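To start, the structure under review is shown below, and the notes come after it.
Taken together, the values in this text are just the output of simple stated rules run on the coordinates, not laboratory data. Fair warning: this is a prediction, and the values are worked out from it, not measured in the lab. Cβ placement follows ideal geometry from the backbone for every residue including glycine, while neighbour counts extend to all protein chains displayed.
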Amino acid sequence: MPKKHGKRYTALAEKIERGREYPPDEAAKLVKDTSQAKFDTTVELHLRMGVDPKHADQMVRGAAVLPNGTGKKVRVIAFAQGDKARDAQAAGADAVGAEDLAKRIEGGWLDFDVAVATPDLMGQVGRLGRVLGPRGLMPNPKSGTVTFDVGKAVRDAKGGRVEFRVDKTGVIHTIVGKSSFSQQQIVGNLATLIDAVNRARPAGIKGTYIRAAHLTSTQGPSVKLDLSTVSELAGSAGS
């Protein structure tokens, strides 16, 4: 059965012309105007990709550091020792350690949003896979969270770094910011995200890479983006 929406949602949705594809600046304004919740909602980007995620060589995954941040306070932990641990602490990591940190997590502590690790400690971190993996918290070289430059990884995570990954239905769900952001801030973050997704394109993909893109706020109606203007925007971000 189709989901029923309340009068307020319906009234907001009527501001969006059904079937129309909007350029990024108009889409950002509409998302702000149709944010219906009483809290500062998250602005989300949903991309339907022209890939088959069942094939490993068509998996789209990557990360981007949003120039205007995410609007969220991010709690970051770092698995590091010695000088690298001091680098992580100086960068603002909320918890730093090695075996002690692993045992703390094994004991049930999960009060963090991002985990980074130096490659030499992945042996210790690996045993946490059953706990961290399902929650999307496992450090991974492809997402830049396994690195000897832990200071940069911590700063990026706290400064607006977001990860994206195509799901089993061929869709990428990620965040662009908050509805309290200015129109220009949302568009700037969107440009950076699309550029990162384009750069993550697998070499073997033929035909249309991004088939559809929608911008929405939490609990709000979605706005379909015009892919041609989005591509131009992404091009400017990558130049």
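Quick notes on this one:
- Taking every alpha-carbon pair under 8 Å whose residues sit at least 6 apart, segment 76-159 reaches a relative contact order of 39 percent.
- In this structure, ARG18 and MET59 have a Cβ-Cβ separation that, at R0 = 22 Å, corresponds to a calculated FRET efficiency of about 0.10.
- Most positive-pole-ward Cα, ALA63, THR34, GLY151, against dipole of the chain from beta carbon charges: THR34
- ASP33/LYS206 FRET efficiency (R0 30 Å; Cβ-Cβ; nearest 0.05): 0.20
- For segment 137-239, the dipole from Cβ point charges (+1 on Lys and Arg, -1 on Asp and Glu) about the Cα centre works out to 240 debye, to the nearest 20.
- Calculated on alpha-carbon atoms, Rg and Dmax of segment 68-138 in Å: 11.9, 36
- By the beta-carbon count within 10 Å of each Cβ, the least crowded to most crowded order of ASP195, ASP57, ASP25, fewest first, is ASP57, ASP25, ASP195.
- Loop-located trypsin sites (Lys or Arg not before Pro) in segment 166-206 (DSSP state not H, G, I, E or B) with no more than 16 neighbouring Cβ atoms inside 10 Å: LYS168, LYS206.
- Annotation for SER228 and GLN81: the two label points, set 7 Å from Cα along the Cα-Cβ direction, are 5.8 nm apart.
- Only one item in [x] 29, 22, 20; [y] 25, 22, 17; [z] 34, 20, 17 matches semi-axes √(5λ) of the Cα gyration tensor in Å derived from the coordinates shown, and that item is [z].
- Projecting label points 7 angstrom from Cα along Cα→Cβ for ARG104 and ASP149 puts them 2.6 nm apart.
- Percent RCO, i.e. relative contact order, over the chain, from Cα pairs under 8 Å lying at least 6 residues apart: 38
- The slack between LYS142 and THR218, meaning 0.36 nm per residue of separation minus the straight C-alpha distance, is 24.5 nm.
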